[in-house]
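Undergrad: Below is one structure. I have some questions about it.
What follows draws every value from the coordinates through simple rules; no lab data is involved. Predicted, not measured: the structure shown is a model, and the values here were computed from it. All Cβ positions, even for glycine, are placed from backbone atoms using ideal geometry, and neighbour counts span all protein chains on display.
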Amino acid sequence: MTLQGKTAVITGSNSGIGLGIARELARAGADVVLNSFTNRDEDHALAAQVAAEFGVTARYIQADMSKGAACRGLIQEAGRCDILVNNAGIQHVAPVDEFPAETWDAILAINLSSAFHTTAVALPMMRAAGWGRVVNIASAHGLTASPFKSAYVAAKHGVVGLTKTVALETAEEPITCNAICPGYVLTPLVEAQIPDTMAKYNMSRDEVIKQVMLERQPSREFATVEQLGGSTVFFCSDAAAQITGTTLSVDGGWTAL
Ligand code: NAD
């Protein structure tokens, strides 16, 4: 499929799932805007690499998704936003009565409120262009809960609620809004946790992955960033034009349990 002539803005896309999605959108022909809160040479080099590999225009724009004005500024600076992927996210694990209040605020800001701010600025651009796609990266934790992840679970359920509302507000327009709910995905963040867990439980890499990390994922396989990119490209296709306000689980059966 070709997304030539479309511009995609992907928040939190200098690593992991966001970068995987940006690469698949670029492979499908979209110009891409990468983002994170850092402003390093390697961030801009990443954009140059995506541009060279896929023959599209790629830019990196620094913006801190914990700040509403910066979220809005990202879309304004992009200048055009046909495809908006709200992906930036952080996690913290602690019992609710010990959960640091400032961490709660940060998780709600980055994982949920940022999507409100970017969507608010992107929708008028999509209306002007006569076409638009909003893809929110929620989580299996947008549909179900785990202990000690109160802020993350609350934020991701919020993302699913925001997705439905935006879908209803745009239902009669050529704009859709959907959420992808990944289970465990092998991002650098998850990869980095494997050696410590191997040492802690005296387990092999395979045992850590299957018995600890993927204990709730019936397939006992990680989802991949390429698969999430493919799901995003599907939501941007004509075949998905009547799919709006829904969630797509990419979780190896987690939410079927
Ligand atoms: P990651 O840490 O590799 O990527 C997170 C991205 O968000 C990075 O690019 C990071 O720089 C960016 N980011 C963090 N704080 C930011 C801020 N203040 N402003 C701008 N950017 C910021 O993690 P990931 O696993 O790729 O996660 C991406 C998304 O996928 C998150 O929303 C996460 O909740 C969701 N998710 C991940 C998994 C998983 O197993 N990895 C599962 C379900 C959902």
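Undergrad: Quick one: among T38, T163, T187, which has the greatest mean-square fluctuation in a GNM of the chain with alpha-carbon springs under 10 angstrom?
TA: Comparing T38, T163, T187 in the GNM, the peak value goes to T38.
Undergrad: When the label point is put 7 Å from the Cα of T2 along its Cα-to-beta-carbon vector, which residues of region 228-249 have a backbone N closer than 15 Å?
TA: It comes to 238, nothing else.
Undergrad: Order by neighbour count: K6, K156, K67, fewest other Cβ atoms within 10 Å first, most last.
TA: Taking fewest neighbouring Cβ atoms as first place, the list is K67, K6, K156.
Undergrad: I would also like to ask the following. Going 7 Å from the Cα of L168 in the Cα-to-Cβ direction, what parts of region 140-157 have a backbone nitrogen less than 20 Å from that spot?
TA: 142-143, 155-157
Undergrad: I'd like the distance separating the alpha-carbon centroids of region 30-63 and region 66-137, in whole Å.
TA: Comparing the Cα centres of region 30-63 and region 66-137, I get a distance of 18 Å.
Undergrad: Under the rule of at least 5 residues apart or a separate chain, name every residue whose amide H is placed under 5 Å from the amide H of L248.
TA: A179, I180, C181
Undergrad: What is the extension gain from E77 to E98, computed as 0.36 nm multiplied by their sequence separation minus the C-alpha to C-alpha distance, in nm to one decimal?
TA: 3.7 nm
Undergrad: Exposure proxy check: M203, M125, M65 ranked by fewest other beta carbons within 10 Å?
TA: Working: M203 16, M125 19, M65 26.
Listing M203, M125, M65 from fewest to most nearby Cβ atoms yields M203, M125, M65.
Undergrad: Let me ask something additional. Fewest to most neighbouring Cβ within 10 Å: what's the order for H44, H117?
TA: Result, fewest neighbours first: H44, H117.
Undergrad: Could you check the simple spin-label distance between T57 and A69, using points 7 Å along Cα→Cβ, in nm with one decimal?
TA: 2.8
Undergrad: So between Q193 and A120, what do we pick up on full extension, going 0.36 nm a residue minus the alpha carbon distance?
TA: In short, 22.7 nm is gained.
Undergrad: I've got another one for you. Restricting things to alpha carbons, find the Rg to Rh ratio for the chain using the Kirkwood radius for Rh.
TA: Using only Cα positions, Rg/Rh for the chain is 0.96.
Undergrad: Moving to a separate point now. Return the calculated 222 nm mean residue ellipticity for the chain, to the nearest 500 deg cm²/dmol, obtained by summing -39500 (n - 2.57) across DSSP H runs with n ≥ 4 and dividing by the residue count.
TA: -12500 deg cm²/dmol
Undergrad: I've got another one for you. Give me the net charge of G253's neighbourhood, meaning all other residues with Cβ under 13 Å from the Cβ of G253; Lys, Arg count +1, Asp, Glu -1.
TA: -1
Undergrad: Next question. Relative to the longest principal Cα axis of the chain, at what angle does helix 114-129 sit, 0 to 90 degrees, rounded to 10?
TA: With both axes taken from Cα atoms, the answer is about 30 degrees.
Undergrad: Okay, next question. Which one, T119, T187, G158, is farthest towards the positive end of the dipole of region 77-207 when Lys and Arg carry +1 and Asp and Glu -1 on their Cβ?
TA: T119
Undergrad: Related question: Pick from K149, K210, K200: which residue has the top mean-square fluctuation in a GNM of the chain where Cα pairs under 10 Å get a spring?
TA: K200
Undergrad: Full-extension gain between S219 and E207, please, as 0.36 nm times their residue separation minus the C-alpha to C-alpha distance.
TA: Working: separation 12, 0.36 × 12 = 4.32 nm, distance 1.44 nm.
So the chain would gain 2.9 nm between S219 and E207.
Undergrad: Moving on. With a 10 Å cut-off between alpha carbons and a GNM built on the chain, which of T11, T57, T118 moves the most?
TA: T57
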